[in-house]
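What follows is one structure encoded as structure tokens, with my remarks underneath.
The values are calculated or read from the model by the stated rules, or taken from the named source; none is laboratory data. This structure is a prediction, so every number in the text was calculated from the model and none was measured. Here the Cβ is made from the backbone with ideal geometry for all residues, glycine too, and neighbour counts use every protein chain on show.
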Amino acid sequence: MTLARSLRARLLVAFLVVVAAAIGTVGVAVLLVGPGYFAEAMGHAPGDQMGAAMAQATQAAFAEAMRQALAAATIIAVVTATVVSFAVAARIARPITALVAAARRISRGQYAERVPADEPGELGDLALSFNEMAGSLEATERRRLQLVGDVAHELRTPLTTLDGYLEGLEDGVIEPSDATWRLLRAETGRLTRLVTDLSELWRAEAHQLPLRIEAVDLIAVAREVVERFGPIAAPRAVTITVESGLAVARADRDRVGQVLANYLSNAIRHAPDGSTIAIAAKPVDGTVRLSVTDRGPGLAVDQLEAVFERFYRIDPARSRAAGGSGIGLAIVRAIAEAMGGRAWAESAGPGTGATFLLEVPAA
């Protein structure tokens, strides 16, 4: 940026223009209006030739003195205004210059960049907003890098299995059999589920999920989902109950079913044999709150938010084959927010079970 186009230079020129306008106004007033008031103040009598001559000489001296005084005042005012204007312009431009430099560094990938936010008024607000934006960009970049690493890790296992078995089949080390084909099909199924879930998560977080918002009876949706999961829970004698009542919300029926299916799948997976999973829905302050409560291992305080992160596993020893893709709850939260609601978990601690909740606007 050249000096002539810099903010400091333009502020300085603006201040000097104001000073010049003020000095010009004073000069016009003094030189044009001043002599008339001076002559009136002298008050010479009519017909007094000596007085008239003295008045003319006095006015000439007065005008000359005013011109010299104005010239001196102009020089002093310009010098003073230049110094003061330069200081004020520098004071105003300094934080903006810092913002520009920080923005350039962020554009080069230095997302940890921050600027001081101790300036008063609008400049301080601008700095705070800039720091919030930088923090959001840093968090987004951190999540992006983590997602890339997690996806690479999740894809590596099934791809390694597929590659090993295919190489064994090609070399004749592994004999083709029904068990081999089932294993290969299971691994490709894992890859398909992972890719599908990632696509769903991306669309949800990008607010590109197709939604059909309407009045939905959450209890009715819960009963439909429970019917699908009954055969899965029956072999372990897990009972699923749905509280009766009427809870009508403004939401997407299919997406509510998707959220509930995810909650219920996790609950069945962690519930002890012979235990009960309770589903309830009730109006709460202009919203409808749907809950799924199990008697499983429960959650620690630091896990209540972590379970909604991508690829988080409560039990690191649990394989993806035994569990899901690891991003189901992340999709749940994105869906809830897309419908204008929220999703969260509650638990009194390990060993006490957990409750997973969905809250959406009431109809």
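A quick yes/no check of all residues on (1) under 29 Å from Arg253 (Cβ atoms); (2) acidic (Asp, Glu):
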| site | (1), (2) |
| --- | --- |
| Thr161 | no, no |
| Glu170 | no, yes |
| Pro176 | no, no |
| Leu198 | yes, no |
| Trp202 | yes, no |
| Ala222 | yes, no |
| Arg228 | yes, no |
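Scan region 151-186 for residues that are in contact (Cβ under 8 Å) with a residue 24 or more places away in the chain and either of a type in the set (A, V, I, L, M) or more than 26 Å from Leu198 (Cα to Cα) (or both) and report the count.
5
Test Arg8 against the stated conditions and say whether it is charged (D, E, K, R), modelled with pLDDT of 75 or more, surrounded by 10 or more Cβ atoms within 10 Å (Cβ to Cβ) and closer than 30 Å to Ala117 by Cβ. So that I can check it myself, show each step before the final result.
On the way: charged (D, E, K, R): yes; modelled with pLDDT of 75 or more: no; surrounded by 10 or more Cβ atoms within 10 Å (Cβ to Cβ): yes; closer than 30 Å to Ala117 by Cβ: yes.
The answer is no for Arg8.
Among Arg142, Arg105, which is within 20 Å of the chain's Cα centre (by Cα), assigned to a helix (DSSP H, G or I), closer than 22 Å to Ala206 by Cα and among the basic types (Lys, Arg)?
Sole residue among the options that is within 20 Å of the chain's Cα centre (by Cα), assigned to a helix (DSSP H, G or I), closer than 22 Å to Ala206 by Cα and among the basic types (Lys, Arg): Arg142.
Any residue that is crowded, with 17+ Cβ neighbours inside 10 Å and without any contact (Cβ under 8 Å) to a residue 40 or more places away in the chain - is there at least one of those in region 203-219?
yes
Which of the residues belonging to region 192-226 are in a helix (DSSP H, G or I) and of a type in the set (Gly, Ala, Ser)? Break it down into steps so the answer makes sense when it comes.
Taking region 192-226 as the starting set, the residues that turn out to be in a helix (DSSP H, G or I) are 192-205, 218-226.
Matches in region 192-226: Ser199, Ala204, Ala220, Ala222.
Residues Gly189, Gly230: which one is in the same structural domain as Asn262 (by TED's automatic domain parsing) and part of a helix (DSSP H, G or I)? Step through it out loud before you land on a result.
On the way: Gly189 fails: in the same structural domain as Asn262 (by TED's automatic domain parsing).
Gly230 is the lone residue from the list that is in the same structural domain as Asn262 (by TED's automatic domain parsing) and part of a helix (DSSP H, G or I).
Give region 253-285 a look and list any residue that's over 10 Å from Leu218 (Cα atoms) and out of contact with any helix residue (DSSP H, G or I) (no Cβ under 8 Å at 6 or more places or on another chain), or say none.
Of everything in region 253-285, those that are over 10 Å from Leu218 (Cα atoms) and out of contact with any helix residue (DSSP H, G or I) (no Cβ under 8 Å at 6 or more places or on another chain) turn out to be Asp254, Ala267, Arg269, His270, Pro272, Ser275, Thr276, Ala278, Pro283, Val284, Asp285.
Here is a check on your reading of the model: is Arg67 surrounded by 12 or more Cβ atoms within 10 Å (Cβ to Cβ), without any contact (Cβ under 8 Å) to a residue 12 or more places away in the chain and assigned by TED's automatic domain parsing to the domain that holds Gly27? Please lay out each step first, then the result.
Working: surrounded by 12 or more Cβ atoms within 10 Å (Cβ to Cβ): yes; without any contact (Cβ under 8 Å) to a residue 12 or more places away in the chain: no; assigned by TED's automatic domain parsing to the domain that holds Gly27: yes.
It is false that Arg67 is surrounded by 12 or more Cβ atoms within 10 Å (Cβ to Cβ), without any contact (Cβ under 8 Å) to a residue 12 or more places away in the chain and assigned by TED's automatic domain parsing to the domain that holds Gly27.
Of the residues that sit in region 271-290 and are touching a residue at least 40 places away in the same chain (Cβ under 8 Å) and within 21 Å of Pro231 (Cα to Cα), which one is farthest from the chain's Cα centre (by Cα)?
Ile277
Across region 96-140, what is the total count of residues that are of a type in the set (Asp, Glu) and modelled with pLDDT of 80 or more?
Restricting attention to region 96-140, the residues satisfying the condition of being of a type in the set (Asp, Glu) are 113, 118-119, 122, 125, 132, 138.
Now narrow it down to the ones that are modelled with pLDDT of 80 or more: 113, 125, 132, 138.
Qualifying residue count, region 96-140: 4.
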